[in-house]
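Take a look at the structure below.
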Amino acid sequence: MAKIAVIVGSVRECSYNRALGRLAIGALESHGASVTDVDLGDYDLPLYSAKLEAETFPEEARRLKALFMAQDGLLFVSPEYNGSVSPLLKNAIDWASRPSGDESAVALSAYRGKVTALMAASVSPFGGLRGLMHLRQILSTVQTLVIPDQLLVPNAHMAFDEGGNLKDALPASLVDVVAARLVTVARSLA
C-alpha cells in the first residue's frame, strides 16, 4: 500500500486549498493509498536560518522530516502568494530538506526517491499556476520526481459548493486523475 502525505500550504480558516486537500485525500484513499493529512499549523517551525540550524535543529523540524521520510509520495496543495509559494510551505520544505544526525549535506532524505504531485486553488483566473511552477522547481531541486499531472482550480471563491465539493466536473475529475497517477507512481517506486 502506497503511503502518501497531503501537505496543504495554508492554515487559513475556510482555505480553498484545505478544501481541495480534503477532496484529494478521499481520492487517494479510493485508489488504495494510506494517507496522512499534514496540517502545517501543527508544527511550530521557526523561519529557517543556517545560524539556527547550527545551534539546534528544531524538534518540530525533525518530526516533520521524519513524517516525510516515512512516505512513498507527497501531495502538495498550495495557495499562491504574490505569484509564488506560500511562505509557510516554503519554510516547511526547507526545514525538511536539511541534513540531520550524521547525514551528508546532500542527503535530502525526506525527498530523494519520493514522487510528488501538485494541486492549487486560487481566486485568480490562473488557478495558482505561477505558484505551482515555482513549487515544481523547488521540489525538483530537492530531488523528488514531480509528476506532470497537476490540478489548478481558478476562481476558487466560486468553485466549491457548500459541501466542499467542486462544482465543475472537469476539475473534480482531475482530482481523481492526479491522485491515481500519484498512487501508481508511488507504488512503482516503492
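The values are calculated or read from the model by the stated rules, or taken from the named source; none is laboratory data. Keep in mind it's a predicted model, so treat the numbers as computed, not measured. Neighbour counts run over all protein chains shown; Cβ positions are idealised from the backbone, glycine included.
The rows are residues; the columns are (1) acidic (Asp, Glu); (2) more than 19 Å from Ala24 (Cα to Cα); (3) surrounded by fewer than 20 Cβ atoms within 10 Å (Cβ to Cβ).
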position: Leu89; (1), (2), (3): no, no, no
position: Pro99; (1), (2), (3): no, yes, yes
position: Asp102; (1), (2), (3): yes, yes, yes
position: Val106; (1), (2), (3): no, yes, yes
position: Ala110; (1), (2), (3): no, yes, no
position: Gly113; (1), (2), (3): no, yes, yes
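From the list Glu53, Glu29, pick out the single residue that is assigned to a helix (DSSP H, G or I) and in contact with a strand residue (DSSP E or B) (Cβ under 8 Å, 6 or more places away or on another chain).
Among Glu53, Glu29, only Glu29 is assigned to a helix (DSSP H, G or I) and in contact with a strand residue (DSSP E or B) (Cβ under 8 Å, 6 or more places away or on another chain).
Report yes if some residue within the stretch 74-85 is crowded, with 23+ Cβ neighbours inside 10 Å, under 17 Å from Ala120 (Cα atoms) and of a type in the set (Phe, Trp, Tyr); otherwise report no.
Checking the stretch 74-85: at least one residue is crowded, with 23+ Cβ neighbours inside 10 Å, under 17 Å from Ala120 (Cα atoms) and of a type in the set (Phe, Trp, Tyr).
Can you find a residue in the stretch 82-99 that is more than 17 Å from Gln137 (Cβ to Cβ) and in a helix (DSSP H, G or I)?
yes
Please work out which residue is nearest to Asp39 (Cα to Cα), limiting yourself to the stretch 67-102 and to residues that are out of contact with any helix residue (DSSP H, G or I) (no Cβ under 8 Å at 6 or more places or on another chain), touching a residue at least 24 places away in the same chain (Cβ under 8 Å) and of a type in the set (Gly, Ala, Ser).
So the residue we want is Ala70.
Only one of these conditions is not met by Arg18: (1) modelled with pLDDT of 95 or more; (2) in contact with a helix residue (DSSP H, G or I) (Cβ under 9 Å, 6 or more places away or on another chain); (3) not in a strand (DSSP E or B). Which number is it?
(2)
Kindly indicate whether any position in the stretch 36-46 is in contact with a Leu (Cβ under 6 Å, 6 or more places away or on another chain) and among the hydrophobic types (A, V, I, L, M, F, W, C).
Within the stretch 36-46, one or more residues are in contact with a Leu (Cβ under 6 Å, 6 or more places away or on another chain) and among the hydrophobic types (A, V, I, L, M, F, W, C).
Evaluate the following for Leu67: is it outside any strand (DSSP E or B), buried (at least 16 other Cβ atoms within 10 Å of the Cβ) and in contact with a strand residue (DSSP E or B) (Cβ under 8 Å, 6 or more places away or on another chain)?
Taking the combined requirement at face value, the residue satisfies it.
Which one is nearest to Val77 (Cα to Cα) among residues in the stretch 133-190 that are assigned to a loop (DSSP other than H, G, I, E, B) and free of Cβ contacts under 8 Å to residues at least 40 places away in the same chain?
Ranking the candidates gives Pro154 first.
Taking the condition of being of a type in the set (A, V, I, L, M), assigned to a loop (DSSP other than H, G, I, E, B) and surrounded by fewer than 22 Cβ atoms within 10 Å (Cβ to Cβ), how many residues in the stretch 32-49 meet it?
The number of residues fulfilling the criteria is 2.
Under 7 Å by Cβ, and 6 or more places apart or on different chains, what pairs join a residue from the stretch 40-60 that is under 20 Å from Phe76 (Cβ atoms) with one that is at pLDDT 95 or above and of a type in the set (Phe, Trp, Tyr)?
Within 7 Å, the pairs are Leu45/Trp95; Tyr48/Trp95; Glu60/Tyr43.
Scan the stretch 69-83 residue by residue and report those that are of a type in the set (S, T, N, Q) and modelled with pLDDT under 95.
Hit for the stretch 69-83 is Asn82, nothing else.
Restricting the search to the stretch 46-57, which residues are farther than 24 Å from Gly113 by Cβ and modelled with pLDDT of 95 or more?
Passing the criteria: Pro46, Leu47.
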